[in-house]
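**Student:** Structure provided below as structure tokens; questions to follow.
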2 protein chains.
Amino acid sequence: MAPPSHVASNHTMDKSITLPPDEIFRNLENAKRFAIDIVAKVRSFDHTASDKLYEISVQEEVTARLHFIKFENAYIETCLDFIKDHLVNTETKVIKATVDKEDEMSCLIKGCNFVLKNIPHEAFVYAKHADSEFRFQTTDPDIFPYLLVNIGSGVSIAKVESEDKFERIGGSSIGGGTFWGLGALLTKTKRFDELLQLASKGQHSSVDMLVKDIYGGSYGYLGLTGDLIASSFGKSATADKEFSKEDMAKSLLHMISNDIGQLACLYARLHNLSRVYFGGFFIRGHPLTMHTITYSINFFTKGEVQALFLRHEGYLGAIGAFLKGAEEDNPNQYSWGENYAGSSGLMSVSPDMYPMQRARSGTFDMLEMDRLDRQLVNLPLLQEPSSYIPDTVDLTEDAPAREYWLFCFEDALDGVVKRAVASQPDMPEAAVRAEKFRQKYRHKLQTLRYQPFAYGSLTVRSLLDTREHCLNEFNFPDPYSKRPWLVDSYDQWLERLKGPPHKCALLFVDNSGLLSRGTEVVLASNSGPALNDVTNGELQILTERIAAMDPVIQSGLRDDRLTLVQNGSSSPCLDLSRLDKALAMVVRERKTDLVIIEGMGRAIHTNYFATLSCESLKLAVIKNSWLADRLGGKLFSVVFKYEVPAGKPSQEAAVLTP
Amino acid sequence: MAPPSHVASNHTMDKSITLPPDEIFRNLENAKRFAIDIVAKVRSFDHTASDKLYEISVQEEVTARLHFIKFENAYIETCLDFIKDHLVNTETKVIKATVDKEDEMSCLIKGCNFVLKNIPHEAFVYAKHADSEFRFQTTDPDIFPYLLVNIGSGVSIAKVESEDKFERIGGSSIGGGTFWGLGALLTKTKRFDELLQLASKGQHSSVDMLVKDIYGGSYGYLGLTGDLIASSFGKSATADKEFSKEDMAKSLLHMISNDIGQLACLYARLHNLSRVYFGGFFIRGHPLTMHTITYSINFFTKGEVQALFLRHEGYLGAIGAFLKGAEEDNPNQYSWGENYAGSSGLMSVSPDMYPMQRARSGTFDMLEMDRLDRQLVNLPLLQEPSSYIPDTVDLTEDAPAREYWLFCFEDALDGVVKRAVASQPDMPEAAVRAEKFRQKYRHKLQTLRYQPFAYGSLTVRSLLDTREHCLNEFNFPDPYSKRPWLVDSYDQWLERLKGPPHKCALLFVDNSGLLSRGTEVVLASNSGPALNDVTNGELQILTERIAAMDPVIQSGLRDDRLTLVQNGSSSPCLDLSRLDKALAMVVRERKTDLVIIEGMGRAIHTNYFATLSCESLKLAVIKNSWLADRLGGKLFSVVFKYEVPAGKPSQEAAVLTP
């Protein structure tokens, strides 16, 4: 679909407002339901707020997608005019303006639950001096209980025990407003970002009294190091000198961060919570405040508790407000995935490094979530679900690998564009759309070169998924839907099917068919298209055709020994922690004792190191010379990884059973 | 002994320093051992510290008394000169200068344990708007565990589990130094006391953002009231107006007090501690900071934990340092009592009300502790030792009663002075000393009129004890040592001794003898003189004389059925929670089943409401018409209170025993 460029031209003329980029409102016209969440948390902060004040969330009925757009209040008029002109006069539109202030906290928590459940790599640990600044956390399907520390003007601390049960267990008046307010009084600097800039250049030790200022060194008897702050602003009590703005701002930042850190730790210990998430405008996108909070938490818990931040923390309130408004069709009955094409990524390392990017993102920030009509769950056969990491290489941490793959995907872009155009021979404007796809994906690749953490850990899977999302964005849902296929290993598969019989095999297939003899087989294929991978729908047809030729397949289908199940994914890769719930049920019912994962995307880029509780086969041909080299092989090397779980539970169980 | 007035005259001349009142050094000349504890906790605070910086503690071998004197560093030269001239050249003096900085915290805690154990009514709850601002706590013999929150320049939080076991479990850099330092930067006021004065006049709501500033009222959903501070200094972030010094100081005070209060609560909950003591220069003598801390603790614990303060909190470090230096004869093997004559009381309600008194006390502050060579313990027969309150009427709370008794003691002063002079007919200078006694005691009474909380809860007992201490101070240890006695109820006692027999009776006698038949008797009399009460020594002689006349007493003494024991007290009243340990042992060994308490001091002013676990008799004749009226009787009414404990354990036990 084309972006509504006419909106931009109309309003630039008569309003003299610099309009947001086209893409901001591009999907709004097709939306049937949307909510405007006017977020004005702190009224007197209106004028200089660095926080985004207005957010709009849209759910399109057709594509089942949630859009969240944050923009500064300067654009509210543009937005409202657009809504009036294009949306309100349509009979079918439903407009919800969320103004209920009573449940700000519950919106925040509803939003937090939503992103934690639905967005992989949502939470991260911030480590300023580490090789990779952002260490993203694997999504534990059991997100509860956790502590949410929201640092707005003040601090609210909530314990969240379940979807419906949370309690504000504490709070503090020493928060972002205190940094801002006291900072303004001390430095005459009125802007929050400028105060942080000042703080980043200051030396707190010239204002704070340190342990060594009192004891001449460490206070060994109590285990206090000399550099520990004994008294914030302790030196300014009696000294007659002037203190620099930078030093005072830094001291203030330390004072507030340490205080919040200690409170968070104490509440976490008191309620026995190990997961502590931080949010609010004090945190949002500010590496310095994330760093000081992280430092404080490490100090007070001696490393036992980690400070966790959220990539979409700034959307929690809006998401929660939308979910509350949409409770008639509860989005929690579905699963959701982040659409990389429609979402701005996590912001740059520091405002100093990429001031332009920050400024832009400071104006608009987007999040799009695609809805799946099915719930995604863990593969029940995973050995340790909580430590399962789908991806084999973390490109965020592995710089040479990142370099290679970014180059590789950029290099392959021309070919993909050609294939996309070729997939729609009857549509003359496909070339224009394909060119837009090229620009968008190339921009994504460039962004990821400098901000590899933009969508969580960068992986071959996320690069593939981003490409799929961008293709979808410009209406190329399945460039491989037409033959000839790029890879067609159907014959190879036919050869394979002479292995020793198992009771039940689960096969995560990518781009090939299947044949079986004697063993129950569960064929798990993609729910939606990705690359040239077979989809569940295609596999249904394919299997019926084979059944017509092959009596084994025929009887297998008839006797229910061959089952086709969708895996819940539309990715060329495979995340065993986000599987279709129906698949997980089949796996349990059939007492599956063999899992076969094959293809580079599913068995090499992801799951290469995954350990399962039953026997497994990971099969792939390395079709990339760099990767083959990296794995110590040659191009087209075969990977045939047969693994038996350490305790061999299935075999031992067999011995016990006569 | 005469105060060393020559010191004053000498040094006023050549040093041009206003010298401390005579009494400060009055006992130093007789001291055989003393420690100078140079307390310079925060070095850069030297110039404007409102804290006392030098303290001197003295232990006289003869009287077994500990003296602690705090004075501002302006007087250190005077003090050192005095020491050099009068003490150092004496061979027998031992001087200890405590400069070891390693164990400041352990000194503090050692001192804290000492005052909690040895000084009744040491700890108090501060209630600004209550009838009596100070609510003193009954001394629980089991003082552990507790939390000590020391608010100096920073905050240290220690968990104290036993005499030897403590741990610094937390701390914060937001303490007194932060109030002082940030306050100085914001208001240009450099003096701590002035900052508090400013704060006492300010309105924090003009600087702080309240819940109602954000939500228009309370945030009912989360149970937050509208007046709750949402963000300290939140209004100063964007407002362009000037804020008054008073308002900023008040906001700062609230911010810091609330923060410390919350931290203290969390540590208390985390370690399951219900007793939380606050100290440090932020607290010391400042009603405003005690109030804000108390308010904060009440808020965060919903009243479950009370903020406790200590009357002698400012001496903890000095006491601890002295005790450490004196470990060769561990003072913990003795019991100690506060000498009301030699101790400055707790300071006035507010600096505004009594500026002169505060100024004086800001210069000198004294604590004297008398040593008893015996350990004091609870009477084992107390029903509920932890809730036992010796005194019948709390004059701190009962204003009419206070008025009456203060008048009464002042009215009786002439008679006491006459009796004191008469008790030393051979000493011509007794009249001069007696006059000094009169002035001192009258001054105490005047002080107590305005500061009834000066030595803990004001009671008839404390008024009597203060008089005894003042008499002792001027060498009238026993004004009643000569006859005629004011009251001599010896004959009355003889009549009494025809009651029904008990196995063993414990009698807390005041001013009469005893006769017994058939029942074992333990006669508990004062260890030292008080009024005309019989002392243990006197009772020994008296009993022998009676034995010569009375065969029952004679055989009782011979067969060990009549035992004379000292009670550990030198007061006309009786505190059953501070009894000689030997007496407690005898009570247990003899399986005492009857306690007889008699006399107004022991059975009316104190213990009238005390419940015991065995049968008891409280006997007195009301010899005061006001009191008789108060109790609903007439002058010389007889009180004969026979009480059997609710569960009647002794009788039931008797039934079970054949």
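The values are calculated or read from the model by the stated rules, or taken from the named source; none is laboratory data. In this text, all values refer to a predicted model and were calculated from it rather than measured experimentally. Cβ atoms come from the backbone with ideal geometry, glycine included; neighbour counts cover every protein chain shown. Areas reflect the complete protein model, heavy atoms only, side chains present, ligands, DNA and RNA absent. Shrake-Rupley method; radii C 1.70, N 1.55, O 1.52, S 1.80 Å.
**Student:** Classify region B:601-648 from the C-alpha gyration tensor, please: rounded if a/c falls under 1.5, else prolate or oblate depending on whether a/b exceeds b/c.
**Tutor:** prolate
**Student:** Something else now. Rounded if a/c is under 1.5, else prolate if a/b is larger than b/c, else oblate: which is region A:109-170, with a ≥ b ≥ c the root eigenvalues of its Cα gyration tensor? Intermediate results must be reported in sequence, preceding the final value.
**Tutor:** On the way: a/c = 2.60, a/b = 1.34, b/c = 1.94.
Taking the square roots of the gyration eigenvalues as a ≥ b ≥ c, region A:109-170 is oblate.
**Student:** Using a label point 7 Å beyond Cα on the Cα-Cβ vector, give me the inter-copy distances for residue B:537 in nanometres, one decimal, shortest first.
**Tutor:** For residue B:537, the other copies' label points sit at 11.1 nm, shortest first.
**Student:** Moving on to the next point. Using a 1.4 angstrom probe on the protein heavy atoms only, line up A:541, B:119 by accessible area, largest first.
**Tutor:** Per-residue accessible area, sorted high to low, gives A:541, B:119.
**Student:** Related question: Explain nothing, just compute: Karplus ³J(HN,Hα) = 6.51 cos²θ - 1.76 cosθ + 1.60, θ = phi - 60°, for every residue of region B:399-406 in order, whole Hz, x for Gly and Pro.
**Tutor:** Each residue's phi maps through the Karplus curve to give 4, x, 4, 4, 3, 4, 5, 5 Hz.
**Student:** Can you give the charge dipole size of region B:385-473 about its Cα centre, rounded to the nearest 20 debye, using +1 on the beta carbon of Lys and Arg and -1 on the beta carbon of Asp and Glu?
**Tutor:** Roughly 260 debye, rounded to the nearest 20.
**Student:** Here's another thing I want to ask about it. Going 7 Å from Cα along the Cα-Cβ axis for the label, what nanometre distances separate residue B:428 from the same residue across the other copies?
**Tutor:** 13.8
**Student:** Which whole number gives the average count of other chain Cβ atoms within 10 Å of the Cβ atoms across peptide A:457-466?
**Tutor:** Partner-chain Cβ atoms within 10 Å, mean over residues of A:457-466: 0.
**Student:** A follow-up question, please. Taking all protein chains together and a probe of 1.4 Å, list A:231, B:162 from the most accessible to the least accessible.
**Tutor:** Accessible-area ranking of A:231, B:162, largest first: B:162, A:231.
**Student:** If you put a point 7 Å past Cα along the Cβ direction, how far is that point for residue B:559 from the same point in each other copy, in nm, smallest first?
**Tutor:** 10.6
**Student:** If R₀ is 41 angstrom, what is the calculated FRET efficiency for the pair residue B:646 and residue A:225, using the beta carbon separation as r and rounding to 0.05? Could you put the intermediate results ahead of the total?
**Tutor:** Details: r = 58 Å, r/R0 = 1.41.
E between residue B:646 and residue A:225, to the nearest 0.05, is 0.10.
**Student:** Using a Förster distance of 60 Å, how high is the FRET efficiency between residue A:446 and residue B:244, based on the Cβ-Cβ distance and rounded to 0.05?
**Tutor:** According to the calculation, E is roughly 0.65.
**Student:** What is the distance in Å between the Cα centres of region B:520-596 and region A:256-285?
**Tutor:** Distance between centres, Cα-based: 63 Å.
**Student:** With each pseudo-label sitting 7 Å past Cα toward Cβ, what's the residue A:403-residue B:387 distance in nm, one decimal?
**Tutor:** In this crude spin-label approximation the distance works out to 7.9 nm.
**Student:** Shielding by partners for A:251-257, please: the mean number of other protein chain Cβ atoms within 10 Å of each residue's Cβ.
**Tutor:** 2
**Student:** Could I ask something else about it? For peptide B:225-232, how many partner chain Cβ atoms fall within 10 Å of a residue's Cβ, on average? Mind showing how you got there, number by number?
**Tutor:** Working: counts 0, 0, 0, 3, 6, 11, 17, 11.
Rounded to a whole number, the mean comes out at 6.
**Student:** Using amide H atoms built 1.01 Å from N in the peptide plane, name the residues 5+ places from residue B:171, or on other chains, whose amide H lies under 5 Å from its own.
**Tutor:** Under 5 Å from the amide H of residue B:171 lie the amide H atoms of B:157, each far enough along the sequence or on another chain.
**Student:** Please work out the C-alpha center-to-center distance from region A:160-179 to region B:376-417 and express it in whole Å.
**Tutor:** With region A:160-179 and region B:376-417 each reduced to a Cα centre, they are spaced 49 Å.
**Student:** If you filter region B:377-447 for GluC sites (Glu not before Pro), then keep DSSP loop positions with at most 16 other Cβ within 10 Å, what is left?
**Tutor:** Passing sites in region B:377-447 are B:397, B:429.
**Student:** Assign one of three labels to region A:395-473, namely rounded, prolate or oblate, based on the Cα gyration tensor with a ≥ b ≥ c the square roots of its eigenvalues; rounded applies when a/c is under 1.5, prolate when it is not and a/b is larger than b/c, and oblate otherwise.
**Tutor:** Details: a/c = 2.71, a/b = 2.33, b/c = 1.17.
Verdict is prolate for region A:395-473.
**Student:** Around residue A:286, which amide H atoms from residues at least 5 apart in sequence, or from another chain, sit under 5 Å from its own amide H, with H modelled in the peptide plane?
**Tutor:** For residue A:286, no residues qualify.
**Student:** Heavy atoms of the protein only, probe of 1.4 Å, neighbouring chains included. What is the accessible area of residue A:642 in Å², nearest 10?
**Tutor:** About 120 Å², rounded to the nearest 10.
**Student:** With respect to the axis carrying B onto A, what is the closest chain B residue by Cβ position, and how many angstrom separate it from the axis?
**Tutor:** Nearest-to-axis residue on chain B, with distance in whole Å, is B:266, 2.
**Student:** Now for a separate question. Multiplying the sequence separation of residue B:271 and residue B:373 by 0.36 nm and subtracting their Cα-Cα distance, what value in nm do you get?
**Tutor:** Contour length minus Cα-Cα distance gives 33.1 nm.
**Student:** Give a quick list of trypsin sites (Lys or Arg not before Pro) in region B:582-618 that DSSP marks as loop, anything other than H, G, I, E or B, with at most 13 other Cβ atoms within 10 Å.
**Tutor:** Answer by residue number: B:591.
**Student:** Skipping prolines and chain starts, which residues have an amide H placed within reach, meaning under 5 Å, of the one on residue A:372, given they are 5 or more residues away or on another chain?
**Tutor:** Hits under the 5 Å cutoff: A:335, A:336, A:337.
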